[in-house]
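The structure appears below as structure tokens.
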There are 2 protein chains.
Amino acid sequence: MTELPESEVDVLIIGAGPAGLMLALWLARLGVKTRIVDKRTDKVYSGQADGFQVRSLEILDSFGVGERVWKEANRMLEISFWNPDSSGAIFRSAHSVNTIPGLSRFTESVLHQGRIEGFFLDAIRDSDTPDQALRVERMVIPTSLEIDESAVEDADAHPVTVTLRHLTEEEATPTQMLSNLADGIFRSNLADDDVGDILERSKAREARDEIVRAKYVVGCDGAHSWTRKTLGKEFEMKGETTDAIWGVMDIVPITDFPDIRFRTMIHSTSGAIMIIPRENRMVRLYIQLKEVSAGSGRVDRSQITPDFIFKSAQKIFSPYKLEYHYCDWWTAYQIGQRTGDHFSKLDRVFLAGDAVHTHSPKAGQGMNVSMQDSYNLGWKIGLVSKGILPREILSTYELERKKIAKDLIDFDGKFSKLFSGRPAKDIMDETGVSSDEFQKAFHTSRMFTTGVGVNYEPTVLVAKEAEEGTDHGLNGLKRSTAKSTQSLATNCKLGQRFPSHKVIRQSDARLWELHHKLPSNGRFRLVVFGGDISQQSQRDTVNNFGAWLKFYMPKLPTIKLLPGSDPHSGSMKFITDEDPSIVDVLLVHSAPRDKIDLLGDVHEVYHPFDPKLGWDYDKVFADGETYYEEPARAYEKYGIDKSKGAVVGLRPDGYVGLVTPVSEEGQQEIEKWFGGIFQHE
Amino acid sequence: MTELPESEVDVLIIGAGPAGLMLALWLARLGVKTRIVDKRTDKVYSGQADGFQVRSLEILDSFGVGERVWKEANRMLEISFWNPDSSGAIFRSAHSVNTIPGLSRFTESVLHQGRIEGFFLDAIRDSDTPDQALRVERMVIPTSLEIDESAVEDADAHPVTVTLRHLTEEEATPTQMLSNLADGIFRSNLADDDVGDILERSKAREARDEIVRAKYVVGCDGAHSWTRKTLGKEFEMKGETTDAIWGVMDIVPITDFPDIRFRTMIHSTSGAIMIIPRENRMVRLYIQLKEVSAGSGRVDRSQITPDFIFKSAQKIFSPYKLEYHYCDWWTAYQIGQRTGDHFSKLDRVFLAGDAVHTHSPKAGQGMNVSMQDSYNLGWKIGLVSKGILPREILSTYELERKKIAKDLIDFDGKFSKLFSGRPAKDIMDETGVSSDEFQKAFHTSRMFTTGVGVNYEPTVLVAKEAEEGTDHGLNGLKRSTAKSTQSLATNCKLGQRFPSHKVIRQSDARLWELHHKLPSNGRFRLVVFGGDISQQSQRDTVNNFGAWLKFYMPKLPTIKLLPGSDPHSGSMKFITDEDPSIVDVLLVHSAPRDKIDLLGDVHEVYHPFDPKLGWDYDKVFADGETYYEEPARAYEKYGIDKSKGAVVGLRPDGYVGLVTPVSEEGQQEIEKWFGGIFQHE
């Protein structure tokens, strides 16, 4: 037997769906040596996941990808609820706003998975110079994984050994995939895993195998996750499967139903439908299939055809007419919710996305929670690989994301049950689901479903007090010794994502979403809300704080920035030769803009000098009036007092880790906070 | 001698700068058989023109290109004026808004010519299926042009014969171009035309010539236009050349000057500078070179070096310091203004852009007026080529654009004189230019410099009365027999561009810039402002009008739409098999949205049915409230009464051609207006 080729890599990602691609993008932006493999021949072309929650759009925008989704996606702004009247005919029982206005600059949107996968691939390619760019290796399947447990605590070791098999195109193409329309079930949870089949077929040929030694391996390989199965029995997912079967169709509808371009929930006596209006004049219908029941065992798949599903839809729409000429995709699935107890093994092999939590698709959560899993993991694994963060940080991944997965399956179980339930005939009908009850459940879940409600626990990364009864255990992790003063910035909630509001660039009067100055490039941030620095005493306070920063910052690590690191820089793009600090400092003041001279009034730490590029004109922002647009109201929206100000400390993923005063006390808390994170003292 | 290859084309464009590319994009979107040739080996990579006026951005946005410029360009929002104080030191004498707030959703922006040329090329490529896509043929030079005058009035003839010579790369590369920094003058108006050189060199080799027979030829070949020279002496440009020489440098400045990121005009005792902050931390400086004088003849080019120009800049900036490490581009030019009497020969060969008007670059007009020339010409030549419009329409090009060229050189002459003048010492200094005088001239010219002030004359295309004393002659063109009622839509000015305001899509509550529903795809538009159609009588009025439209529209031509024809369609993209009418109908009502049922209340002409795609949900819009954004105030902003409404007729370039009531009277005026344009009766 010939020796297999061997190589080393920092991170090996298994699976190039949304979770794997988000992780690959993070690592590409950080310049971490990464490989990403996928068993499929190509990305998804139609159907599959399609819902983008507002937090996902914010995250994608932090990589410069959000605007592409935002342009092409269909936005769901309002929602209709339809119910049967006493004669059984459906009527519009309510129409209202879909998500929560003011929560984000984005709203819930819909675009098929293939497009976002394409956007990820483009963004990964643009992260670095073309010769360095990361590429997805397709038709590659892992066949073994071993961890050298003696080396897991050695930061420089590559203790995970994976064997990869490179398939031919024929081997990697499942026979069901020859036409999407021929069998819409092949990727559904009604279908079996096909990896065994693929490996079986590849055995018959001369396999081209290789061995990869990785610092870290991340399984983003979906509900049938090979990585999860390989890690052993304690990684098995647990949960329930119901007997509710739903069909899904993406069609261009021909109908007289008046709300076809609104997100709509129909409860009729023939079953329920959710309407998701999409891009390219299409509409996705989630259709309850009351006539097939899973019962105790498996569903008879041959019963479930597009025709069968569509006939069910027509019955529910009645008396409105529904036809179609064009169907883009269809599938069916069985409702169930499952999650695992462990998200990592020894903090060397991790699971993300469907590999650790599965649920029904109707609430549009799957792709979002999956991408947000690896968004949480990416910067941690990346900065640890680069030696900037200690390995201990990695334990925060499971701590932070397991809670979300649990919330997700709880929400999905409840929501699915309400949606699949029989509509109540009237107020006395106790076993039916009333329209009010359903609407209420929908609206109260919005903070969760938008992804904005995520609230991470206190750890070294988030300097806050644990709320009573919410301590989910720290996996042996320490807490930050820093103390925050939440009251200084009431809408910058510790553990939650820092919201985006508009601010005005001091140097050229351009209005910016503050998020656009906080791209995902691995840097922590101190946003110094300096208050009214046209007042001498406040200016002194802010400049004294600047003088301290100038002294303190050199004690922190630096980070190399790649070409893609600042996708919204526009007129200020120009990467310096010098690696900047891992901590970026921004000043947002509330003084009248014309009273402030950027170079003369403000400490140079807020407009750093570069010998080749001159002063940095992109770090100081004002609140207040502009000539062309509505005034910025940043202080009010962030809940910050204009006379006192506040310093808000952000993690590289934009979550608030510290709120502290612009003062000596603040300096001490910042030292404690970063001290706990970087462990440099 | 071997026979030369011959071929036919509808339109041959000579020159692939901004004017030529804009024309090529129009013709690509219309599916007109076009070739575009350029003598250069490649597009511009740095420097050259850079200013985008708001109207240009609107036009680019109508092709889906605007947002790319808007994202990358630097926006110039405020402007500073600096003057010498009594001791000669410069001080900020004023700081104010740059253009006019509320005029457009865009503001004046700056991005180098190479980027916009690249965006044009991408958009041209995306106009049609890849195999049909138009491409620029580079290193091609015309050597002869003849018009068969006997065939010019035959709509199907190809009466223009052009010989094209295909050069080798070596022949096409001017020696000066080896480095931009080595000789910044090579494209300046201080340099000689190099076409003669190129042809001389190509003679030495075996020339590869071909003959092209075209319906139309457009010379977009710049200030040294070969096309213009070939058309004969009566096409010569006339005007004046001053002795003022200015230098230009694109640098990343290292300076303590406080307004370096604002558009700034400095008048000092050592000369004048205009600061144009740009993309990528660069700044363009226009620097008066007082020490070189053109006098009566040519300037000594060897004197003008980057070092010489920069030293002049440093003197003017004093006492502020100015240095640079990085220079992207430099040049110098002599101020002068010239324009031609004729913009076309027999309406078969046209001139556009610098080929018919040249002036100084400081006001950021050149690229804009050039692009707007060919934006005016493109749909006319395209729809005439396709047989949709009669040839007579072509005469409106010279009528409409010659006036703009004249206004441009008048403006430039005045502005340049003021800018190159000596600053006044004090209010008694009558020969100097006072700061007040300069600022006033700057602000009063803004309607012109934004491009929004353009006001086309009455012709068949614009049904309005001629203002007294403004009739520039009609070139034998008829006027429209339709009469407009301007008072019905006071801010939709006849002959001016229809402004964009926000409206809410009835079918899904999404807020849109109305411009995004008026892409440049060759279609005329009737925007029916239907008023409050929740009132039965007004609804009847609008639906009666719809019934008439349904009857009238089939009398009009149809147009085939290509894949790129609707760049902002987003969720509504899906091109039908059937060619739609050349006239697109949109309904904007002012009723409360929730009182209107799109399918039930509104005549189907406002939501046309397609047998494969169902109803069109993208044609009816409302004014008023939304959940997520500021309310739309379209009626107020368009100056339209909510009870009566109005119909606004738009040309394919978005200029208002008719304002008429939603009534039988309106129907008659519409018939007259389109009757005069299409000559179908």
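The values are calculated or read from the model by the stated rules, or taken from the named source; none is laboratory data. The shown structure was predicted, so the numbers you read here are calculated from the model rather than taken from an experiment. With ideal geometry, Cβ positions are generated from the backbone for all residues, glycine too; neighbour counts draw on all protein chains shown. Remember, those area values only see protein heavy atoms, side chains included, never the ligands or the DNA or RNA. Shrake-Rupley method; radii C 1.70, N 1.55, O 1.52, S 1.80 Å.
Within the same chain, lysines fewer than 8 places from A:Lys417 are excluded, and of the rest, those with a Cα less than 26 Å from its Cα are A:Lys238, A:Lys290, A:Lys311, A:Lys315, A:Lys362, A:Lys402, A:Lys403, A:Lys406, A:Lys425, A:Lys440. Classify the range A:486-677 as rounded, prolate or oblate, taking a ≥ b ≥ c as the square roots of the eigenvalues of its Cα gyration tensor: rounded when a/c is under 1.5, otherwise prolate if a/b is larger than b/c and oblate if not. Rounded, since a/c falls under 1.5. Helix content alone sets the calculated 222 nm mean residue ellipticity of the protein assembly as shown: runs of n ≥ 4 DSSP H residues at -39500 (n - 2.57) each, divided across all residues, give -7500 deg cm²/dmol. Accessible area buried by the pairing of B and A, both sides summed with a 1.4 Å probe, works out to roughly 5100 Å².
Shielding of peptide B:607-613 by partners, expressed as the average count of other chain Cβ atoms within 10 Å per residue Cβ, is 3. A 1.4 Å probe run over the protein assembly as shown, with the rest of the protein chains in place, finds 37 Å² accessible per residue.
Residue ranges A:648-660, A:97-109, B:29-41 sort as A:648-660, B:29-41, A:97-109 when ordered by packing (mean number of other C-beta atoms within 10 Å per residue, highest first). Straight-distance candidates among the lysines for linking to B:Lys386, with alpha-carbon spacing under 23 Å and chain neighbours fewer than 8 residues away dropped: B:Lys33, B:Lys215, B:Lys345, B:Lys478, B:Lys555, B:Lys560, B:Lys672. Rounded to the nearest 5, what % of DSSP beta bridges with both residues in the protein assembly as shown are antiparallel? Taking every DSSP beta bridge with both residues in the protein assembly as shown, the antiparallel ones total about 70 percent.
The residues of the range B:48-93 occluded by other protein chains by 10 Å² or more of accessible area, set against the chain on its own, are B:Glu67, B:Lys71, B:Glu72, B:Ala73, B:Asn74, B:Arg75, B:Leu77, B:Glu78; surface from heavy atoms, 1.4 Å probe.
Other residues with beta-carbon under 15 Å from the beta-carbon of B:Ile596 carry, at +1 per Lys or Arg and -1 per Asp or Glu, a net charge of -3.
Cα gyration tensor of the range A:514-569, axes a ≥ b ≥ c as square roots of the eigenvalues: rounded (a/c below 1.5), prolate (a/b > b/c) or oblate? Taking the square roots of the gyration eigenvalues as a ≥ b ≥ c, the range A:514-569 is oblate. Considering only beta bridges that DSSP places wholly inside the range A:548-681, some 75 percent are antiparallel.
Under 5 Å between amide hydrogens, built in the peptide plane, is the criterion, and for B:Thr558 it picks out B:Ile582 among residues at least 5 positions away or on other chains. Once the Cα-Cα distance is subtracted from the 0.36 nm per residue extended length, the B:His443 to B:Asp341 segment shows a gain of 33.8 nm. Distances between placed amide hydrogens fall under 5 Å for B:Ala244 paired with B:Ile335, all partners being 5 or more residues away or on another chain.
Comparing each chain alone with all protein chains together (probe 1.4 Å, DNA, RNA and ligands left out), the residues of the range A:568-587 losing at least 30 Å² of accessible area are A:Gly570, A:Ser571, A:Met572, A:Phe574. Going by the alpha-carbon gyration tensor, a ≥ b ≥ c the square roots of its eigenvalues, is chain B rounded (a/c under 1.5) or, if a/c is not under 1.5, prolate (a/b greater than b/c) versus oblate? In terms of gyration-tensor shape, oblate.
Using a 1.4 Å probe on the protein chains only, how many percent of the accessible area of the range A:486-677 belongs to carbon and sulfur? The value for the range A:486-677 is 48 percent carbon and sulfur by accessible area. Between B:Glu149 and B:Asp256, the contour length at 0.36 nm per residue exceeds the alpha carbon distance by 32.2 nm. Put a label point 7 Å from Cα along the Cβ direction on A:Ser487, then list its distances to the equivalent points in the other copies in nm, shortest first. In ascending order, 6.4 nm. The accessible surface of the range B:232-330, taken with every protein chain in place and a 1.4 Å probe, is 48 percent carbon and sulfur. The residues of the range A:257-283 listed by number as losing at least 40 Å² of accessible area in the complex, against the isolated chain and with a 1.4 Å probe, are A:Arg261, A:Phe262, A:Asn280, A:Arg281. Here is the list for the range A:626-681: trypsin sites (Lys or Arg not before Pro) lying in DSSP coil, each with at most 13 other C-beta atoms within 10 angstrom of its C-beta, are A:Arg633.
Counting from the shortest, the label point at B:Gln314, 7 Å from Cα toward Cβ, is 8.4 nm from the same position in each remaining copy.
For A:Asp209, the distances from its label point to the matching points in the remaining copies are 7.0 nm, ordered from shortest, with each point set 7 Å beyond Cα toward Cβ. List every DSSP H helix in chain B whose Cα atoms extend 30 Å or more along the helix's own long axis and whose mean Kyte-Doolittle hydropathy is at least -1.0. TM-like helix candidates: B:395-420.
Ranked by solvent-accessible area (1.4 Å probe, protein heavy atoms only, all chains present), the residues A:Thr449, B:Thr490 order from largest to smallest as B:Thr490, A:Thr449.
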